[in-house]
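Worksheet: one structure, shown below.
Rule-based calculations on the coordinates, nothing more; no lab input. Predicted model only: the values in this text are computed from it and were never measured. Heads up, the Cβs are rebuilt from the backbone with ideal geometry, glycines too, and the neighbour counts pull from every protein chain shown.
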Amino acid sequence: MKLTILGCYAATPRTITNPTSQVLEIRNRMFLIDCGEGTQVQLRKHKIKFSKINHIFISHLHGDHCYGLIGLVSTFMLLNRTNDLHIYGPKGIKEIITLQLRLSNSWTNYGLYFHELESKESEIIYEDEKVLVKTIPLKHRIYTNGFLFIEKIGDRKLNVDAVQNYEIETCYYQKIKNGKDITLEDGRIIENHFLTFDPENPKSYAFCSDTIYDESILKHIANVTVLYHESTFLESEVEKAQTTMHSTAREAALIALKANVSQLILGHYSTRYDSILRFKEEAETIFPDILLADDGISFEF
């Protein structure tokens, strides 16, 4: 599982920082999460292939999370995209994008599908044979969702020495990885656990931005491998966080601790602070395993 941070700062873009956008690569799938201004430039800068992005998840309709979307949709058209593009976001996102396409007479030459969200309960919004994606209802000034990405349990791992010892033909390898026993030519049945190792533990990633401190999300993110939680402010501005319905670094750490997550990534920093290291220092008083998001950083788990 690989996470590339394209942007992770709050409010307006600057020459040295970008608003929220990130790319999650999980089980050979690539998902774009939020699409603030400058996203497509950041994609190019970090050599992420546009053609691999077929699913975009938008948390809410504040500009620093979605104002780059129409530009990316239009660029896909200019690049003669043929793959379908699926966009998941709050109700109204279809109207926003199609209005701009209509007024500029720039209809896409590829399939553009909107999956508009309005439920205040967690729901499955994407699923295939390898990955499942659910919403995480968040509390912000407007309707907002986080997203939980969950790997499904993969194939069992082939014990190469064992299958070679039994002289099992390669055409049976997938059957073995699927958990099946094998009957040899002499009639012996070799149970699967003699031929395989357990699959890797499935990983999970929870994206939570923007939200006030809210313990109701704990049931949705419990025990996740990695949690990205907004930390717009430091505790010295906790009143500002409450007024604007954002979180502090300390509050993000409390959520991580109570959810028993393995790793916490902080992001969505207010640009009023002189160093993002202050966010880590504050959070580490509560939760030990802290990573700081920053534009261009990639994490592998």
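For the reader, a short list of remarks on this structure follows.
- Virtual spin-label span in nm between T285 and S298, 7 Å along Cα→Cβ: 3.6 nm
- K175 versus L103: modelled label distance in nm, points set 7 Å from Cα along the beta carbon direction: 6.2 nm
- With the largest listed first and rounded to whole Å, the semi-axes of the equivalent ellipsoid of segment 1-129 from the Cα gyration tensor are 19, 18, 17.
- Cα centroid separation - segment 173-213 against segment 239-268, whole Å: 34 Å
- In segment 107-238, the alpha-carbon atoms span a convex hull of 197 Å³ per residue.
- Gain on full stretching of the segment that runs from K52 to Y166 - 0.36 nm per residue minus C-alpha separation: 37.0 nm
- Among 42-52, 201-211, 134-144, the order from most to least packed when residues are scored by Cβ within 10 Å on average: 201-211, 134-144, 42-52
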